[in-house]
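What follows is a short report on a single structure.
The values are calculated or read from the model by the stated rules, or taken from the named source; none is laboratory data. Fair warning: this is a prediction, and the values are worked out from it, not measured in the lab. Because the Cβ atoms are built from the backbone with ideal geometry, glycine has one as well, and the counts that use them run over all protein chains shown.
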Amino acid sequence: MKKQLGFAFLLSSLLMSLSALADTQPAPSIMYDTVRIPVAIQNMISADFNALNALQFGPNVDNLFRLYYGSSSQDIVRYLLERVHYVGVDAMDNDPTKLDPTTYAANYGASFLDYYYQSALMRNPHARPVTVPFNNTQIMITHPRVGFVGIGGAYVNPKTTQIDRIDTWVHEARHSDCPSLPNATDMSFIVHDQDGRVSVAGQVCSYAHVPCPKGHPLAGELACDVVPWGAYSAGYIFAKNVFKACTNCTEEQKQAGLASATDDYSRLFPILRQFYSNPNPAAPNMTSFDARPATRR
Amino acid sequence: MRRSQSMLVAIFIGVVIWFGLSRWEAQTKKNLRAQQTADLQSDVPLSVLPASKITLRLPSSPVKKEKNQTPINPQDLEFTLPDPETYREQVIISEKHEGAGLPPVLREFSQRMAALMEKAAQSPEFASALFNGLQECAERTENTLIQVRTICAVNALRLGEFHPSEISEKANAFRGSLAPELKQSVEAMGY
């Protein structure tokens, strides 16, 4: 009996040790396009996720943080890993071997909207989802939660700070969500408006950006949000709390957070700024209509 | 006897594994911090901004100098306000490709702010002089981005927290004078 107890104890010790081992490995479970992304960049991304995991937020973290399910950096990591599954490259149009130097990263999930409109609503038999190269195959963007994010040249620019890069992930991840499918009326804007304006219901699917309003420094550019809890909101809430509530950040990190937070906040329509001035705004919808893994061919 | 020995061995192994993992975890965290520091330090120097930018040069400092204190060099307080047109160009180039991220002109501004705020945290005299510049920046309505005005205003208010006895009175008065749009943006940053 005692021998069995001893064995059981040994086994439980080993199991506990293994679970502790799992806890100490914050490395993301995302897949890299190892053909196109050099190991140094893969390591940079892993280091960014690890750095995010190591951020500590104090008690003055605000309640908007519930966008990431909780109030710790581990909650943000979870939010990211549910939405980013494949990391590829955002290449230049005229040279697929070179990263686009102007972009930090781009989530290709928004391309789903056009595919959905053509295939499901217009019954176009020739409609095909966007495909992106990934390793030696292609990934089809059949829905936003495929979670394909292409890294651009600005991400790996040595001048870009780590907080900028993490903020980029937080922003891009939100484009992977589509809580409800838009209907034909929502989507008709896409056809009639080449700027890509869609109705509010349409915007919620992949949290598409809309043209900034008149009087805005970016008036007319697709660089603003009008629906709550979108990608600019996600970035704003993260960056604001890096500035205000991070207890182990340097002054440089805090200032980077403040700059990102003010910039993200400036991209919110006035009605949305009003929404966030409420200390307890309506809760975000963090679901997506379909969280199946990506289809590959 | 053998059974109790095997139990002791089991406990010993468990403790050794637990201790080893704790040390490994601590080492991993330490390496992460070192990596973060290295990343930040490896940033290349800021590029020179075009001459069209507005540079805030503070008037010869009205701050009283106490004995044994080195006078503040006005150049140490200078910071360059990002040009809205450059900001717009940088965002448009990036957004054309559906990208996100902080435009370089704002990143450079935030890095200068970090250097100034670190100095200001150490010296009430420097902080007091910097406060004037930040207030001037926040109150600019012409050709100045709301993001930049917000950064200036929030940092001015932080200076009041850093050095309450010297600056909090001015900071409170400044807070009361904020224009509505700026006030909303400042409050959205938690201040």
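Here are some notes:
- Test: residue in the range A:136-152 that is within 17 Å of residue A:288 (Cβ to Cβ), within 11 Å of chain B (Cβ to nearest Cβ), under 14 Å from the mean Cα position of the chain (by Cα) and assigned to a helix (DSSP H, G or I): no
- Criterion violated by residue A:207 - all others in (1) under 29 Å from residue A:54 (Cβ atoms); (2) part of a helix (DSSP H, G or I) satisfied: (2)
- Odd one out for residue A:238, checked against (1) among the aromatic types (Phe, Trp, Tyr); (2) touching a Leu at 6+ places or on another chain (Cβ under 7 Å); (3) touching a residue at least 60 places away in the same chain (Cβ under 8 Å): (2)
- Looking across the range A:243-255, the residues that are crowded, with 19+ Cβ neighbours inside 10 Å and either touching a Ser or Thr at 6+ places or on another chain (Cβ under 8 Å) or facing another protein chain (nearest Cβ under 7 Å) (or both) come down to A:243, A:244, A:252, A:253, A:255.
- Within the range A:218-235, considering residues that are among the small types (Gly, Ala, Ser) and without any contact (Cβ under 8 Å) to a residue 60 or more places away in the chain, the one surrounded by the most Cβ atoms within 10 Å (Cβ to Cβ): A:230
- Qualifying residue in the range B:176-184 (condition: within 30 Å of residue A:100 (Cβ to Cβ) and at the interface with chain A (Cβ under 7 Å from one of its Cβ atoms)): no
Here's the yes/no breakdown for (1) within 14 Å of another protein chain (Cβ to nearest Cβ); (2) modelled with pLDDT under 95; (3) touching a Ser or Thr at 6+ places or on another chain (Cβ under 7 Å):
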| residue | (1), (2), (3) |
| --- | --- |
| A:22 | yes, yes, no |
| A:58 | yes, yes, yes |
| A:62 | yes, yes, no |
| A:68 | no, yes, no |
| A:90 | yes, yes, yes |
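- Residue match in the range B:133-146 (condition: facing chain A (nearest Cβ under 8 Å) and among the aliphatic types (A, V, I, L, M)): yes
- Counted residues, the range A:37-75 - those being surrounded by fewer than 19 Cβ atoms within 10 Å (Cβ to Cβ) and assigned to a loop (DSSP other than H, G, I, E, B): 10
- Cβ pairs under 7 Å, 6+ apart, first in the range B:127-139 and touching a residue at least 40 places away in the same chain (Cβ under 8 Å), second hydroxyl-bearing (Ser, Thr, Tyr) and not in a helix (DSSP H, G or I): B:129/B:61
- Within the range B:128-175, being hydroxyl-bearing (Ser, Thr, Tyr) and either in contact with a Cys (Cβ under 9 Å, 6 or more places away or on another chain) or closer than 15 Å to residue B:191 by Cβ (or both) holds for B:144, B:150, B:168.
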